[in-house]
C-alpha cells in the first residue's frame, strides 16, 4: 500500500525514535492534516456538548430555578436513576424495542432483498413501493398509524368489526400490554426497506460464476445461499445491523407522536423519557445523567461492532 | 331556534348571581371595575353589550406613537386543529390590522400550539434565544416570572387599568407581589351533550347531568343502551386538554392538588390523596374500566379527537368551549353524502349546560386563558428588546376590541371592557351557547399560581389518571403516588 505523505520527494531525514501510536501518527501526519478541519468542527459540535452533558449530570436543576442556579450533587442523579423503578422499566422497554425492531427489520429486509434479487416482471415497481415507508416522513407516518390503530375509530378496528371478526375495535395503543408491540410494528414497517436496500446492494457483489460453479457441483439452493451468498453479505449485514441498532436506540418520533410514552409509561424508551425529563419537567441534570449512560452503552455497542467489522483485516505493514 | 335551547335557562339565571364567587373575583381592593362582577349573569352581560365605543388605534397610539419605527419578535399560542375557522380568520385580521396601524414596526410573529409552546420557549430561554414578547397559556406565567425571565408588566404600562381585568386572572400573572404580564383572554368551559343520544338512551334530552355521579350513571346508560361512548374522557399526557377536563371533576368532588379551590389558597398542603380526590379519580376509573362507557382512546386522545366522535353521533357528552359548536359546523361542511345529514342531526341536537356539581353541590371549572409578557433583554435573541414595539402589540391584543375578537368563539375577553363593545353584542347573536360559558365564569378556579404548576397539570395529573385507568396502579395507589410526586416536586426534586 502506498502512503501519500506529501513529502515523498524530499530527502528522508532520520526520524526521531518513536514507538507505537506516536510513530503511526507521524507517518500519517499529512492524512491528519487533511481531516483536521473536520475534526475541529466535530470538537465544536460534538465534543463540547458531550462535555457539557457530562458536567450537567452532576448537578440538580430544580424546576423552579434557572439552569444557571444549578446545585452540585455529585453522583446523586446517577444513584437516583439507577434506584428508580421507572429507569428499569424504560430500560426494559428500550431493549425490547431495539432488539425486536433491529432483528425483525433486518430479517424482513433480508428476505425481501433476496426475493427482489431475482428477475421477474414488475420487480422495479414492487421495489419502489416497498421503499415508500422509508421515504415518507416519520412524523406523517406516525400520525397515519395513530389513525390506523385508533382504539375507537381506527381503520384496522373498523375492518375487523365490519368483517364480524371482533365486536369492538382492538385496543392497540391504549393498553399497557399492547402498546409497545404495536409501536414496534410501525417501526419495523418504517425500517425494513433500509435493510432491504443495503442487502440488495450487497447481493450485487456476490459473484455469479461462484454461484454457477456451486450449482454445477450439485449444491442445493440452501447450500448455495449459506455457503456462497451469506458469507459475501457478512460485512454489509454487520453494518446494517449496527446502523439499525443505533437508530433504534435513539428512536424518538414514532413513540413520542403516537403515545408520548404512555399509557402509564408503557411505551417510554430512553430517548422519549430523556426528552420528557429535560423539556417537559426541566430535570436537566437527571436527563443529562440518563444521556451519559445512554452514550456509554452506545459507545460500547459501537466499539464491539467496529471490532467485529475490522477483526479479519491485517495490520497495515507500513504503519 | 331560540338562542338558549337549554332547558336550564332558569337555573342559569337563578344560580349564577348567587354562585360561590371564590378566588376568581376576590382580589385586592382596587378602583371600580368597568363591569359589575357581583351582578354577573347572562342578562347582565347582554345588558352591557354594545354600550361603549372604543378606538383601539387611538388608545394604543398614546402608548406607542403610530409612526414608531421598530422591530418585534413575538411567539404566541395560536390556533390549532381543534379551533374553528372563524378564529383563524380573526387571528389573520389581527396581524393585518396591527401592521396597517403600525406600518413601521417590523413584526416577526410565530404561532405555536398549546402543547409545543412551553417546550420550545423553555429551550429558547436556555440559549438566550427567546422572542421579545410571548403570549403564554395561563399556566406558564408564574413559572417564567419566578425564574426571572420576564420583565415587570402591568396593564397601566400599555394604557389600561388593572381593574379592567379579572382579579383571578391578574393573580396568574403576579409573582411575589409584582405583575409580570397582562391577561389576553379568560375562559371557562361548559358541559355539552347530544339531546338525541340522551333521548334514545332513555334520558331527559333537555337536562344535563346535575352531578358528577350522574355523569357516570348517564355515561353507562348511554353506552349500555346504544353501544356508543357516553362521556368524552381525556387523559393524554402533555396535553392541556386533560387538566381542563379532570380538574373540574376533582374540585367538584371537593378534592384538589392543594387548596387552590379555597377562597384564599396557600398551596401548602397536598390534597391529591385526600378521600375527596380519590373519589373523583374513582369516578373516572368507573367510567373507563368498570363500565367501559368512555372512548377507549382516552389515554392517547385530545379533545380534538372527541370532536369527530361527537359529530359522528358516537359520543353523548363532553366538556368544551362554546367554539365546539362552530367547530362542528366547520366539520359538517367538510362531510359528504349521508355523513353530512348525520352531522347536521348532531348539530341540531347539541345542548350546552353548566358543568355538573360534586356530591356536595360544589360546581367548578378551570379558569383558563392566556397572558402576554415581555422578556428581559438578556434572554432574547440579539440581547435587545424593543419595548415600545412590544407595548404597541400588547396594547392592541389586550384592548377591548381585540381581546374580544381574538376570543370570539371560544373564550372571553381578558379586558372586561370587551363585554361592553358592539362586537360583544354581535357575538351574543352569532355564537350559540355563549351564555353558558360566560355563566360558568364565576365558578372558575385558576390553576395554582406556582412555578411547578405546568408539570403538575401536564404530567403528574395525567400520569395519575393513566396509572389508575390502565390498572398499572389501584386508584388509591395512583392518587398516593401523584401526591408523593407533587410533594417531591415542591421540595425541588423528584424523578
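None of the figures in this text is laboratory data; all of them are computed from the coordinates on show. Only a predicted model underlies this, so the values are computations on that prediction, with no experimental measurement involved. Note that we place each Cβ from the backbone using ideal geometry, even for glycine, and neighbour counts take in every protein chain shown.
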Inset, instruction - Mind computing the radius of gyration and Dmax over the alpha-carbon atoms of the protein assembly as shown? Å is fine for both. - result: 30.8, 106
Inset, instruction - Evaluate peptide B:456-464: per residue, the Cβ atoms of other protein chains within 10 Å of its Cβ; return the mean as an integer. - result: 2
Legend entry - Sites residue B:80 and residue A:125, calculated FRET efficiency, Cβ-Cβ separation with R0 35 Å, nearest 0.05: 0.35
Inset, instruction - Please work out whether region B:72-145 counts as rounded, prolate or oblate from its C-alpha gyration tensor, where a ≥ b ≥ c are the square roots of the eigenvalues and a/c under 1.5 means rounded, while otherwise a/b larger than b/c means prolate and anything else oblate? - result: oblate
Legend entry - Extension reserve of the residue A:153-residue A:225 stretch, reckoned as 0.36 nm per residue once the Cα distance is removed: 21.4 nm
Inset, instruction - Please give the FRET efficiency for residue B:289 paired with residue B:210, using the beta carbon to beta carbon distance and R0 = 35 Å, rounded to the nearest 0.05. - result: 0.90
Legend entry - Where labels lie 7 Å past Cα in the beta-carbon direction, separation of residue A:135 and residue A:51 in nm: 4.4
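With the cut-off at 43 Å, report for chain B the share of all Cα pairs above it, as a whole percent.
Details: 14666 of 122265 pairs.
Cα-Cα pairs in chain B separated by more than 43 Å: 12 percent.
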Legend entry - Ordering of B:58-68, B:72-82 by packing [mean C-beta count within 10 Å, highest first]: B:72-82, B:58-68
Inset, instruction - Measure off 7 Å from each Cα along the Cα-to-Cβ vector at residue B:66 and residue B:38, then give the distance between these two points in nanometres to one decimal. - result: 4.0
Inset, instruction - Specify the angular offset, from 0 to 90 degrees and rounded to the nearest 10, of the alpha carbon long axis of helix B:338-348 from the longest principal axis of the alpha carbons in chain B. - result: 80
Inset, instruction - Run the quick spin-label model on residue A:26 and residue A:297: label points 7 Å from Cα toward the beta carbon, then report their separation in nm to one decimal. - result: 4.4
Inset, instruction - Would you work out if region A:20-72 is rounded, prolate or oblate? Take a ≥ b ≥ c from the square roots of the eigenvalues of the alpha-carbon gyration tensor; rounded if a/c is under 1.5, else prolate when a/b is larger than b/c, oblate otherwise. - result: prolate
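Could you tell me whether region A:82-310 comes out rounded, prolate or oblate from its Cα gyration tensor? Rule is a ≥ b ≥ c as square roots of the eigenvalues, rounded for a/c under 1.5, then prolate if a/b exceeds b/c, otherwise oblate.
Oblate, since a/c reaches 1.5 and b/c is not below a/b.
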Inset, instruction - Taking chain B as the reference, fit the longest principal axis to its C-alpha atoms, fit the long axis of helix B:387-397 to the helix C-alpha atoms, and give the angle between the two in degrees, 0 to 90, nearest 10. - result: 40
Inset, instruction - With everything on Cα atoms, drop me the angle between helix B:241-252 and the longest principal axis of chain B, reported from 0 to 90° to the nearest 10. - result: 70
Inset, instruction - Would you mind ranking B:96, B:260 by Cβ crowding within 10 Å, fewest neighbours first? - result: B:96, B:260
Legend entry - Gaussian network model of chain A, springs between alpha carbon atoms under 10 Å - residue of A:185, A:228, A:54 with greatest fluctuation: A:228
Inset, instruction - For region A:71-191, compute Rh as the Kirkwood radius over C-alpha pairs and then the Stokes-Einstein diffusion coefficient at 20 °C and 1.002 mPa s; write the answer in µm²/s, rounded to an integer. - result: 122
Legend entry - Structure-based [θ]222 nm, chain A - -39500 (n - 2.57) summed over DSSP H runs of at least 4, per residue, nearest 500: -19500 deg cm²/dmol
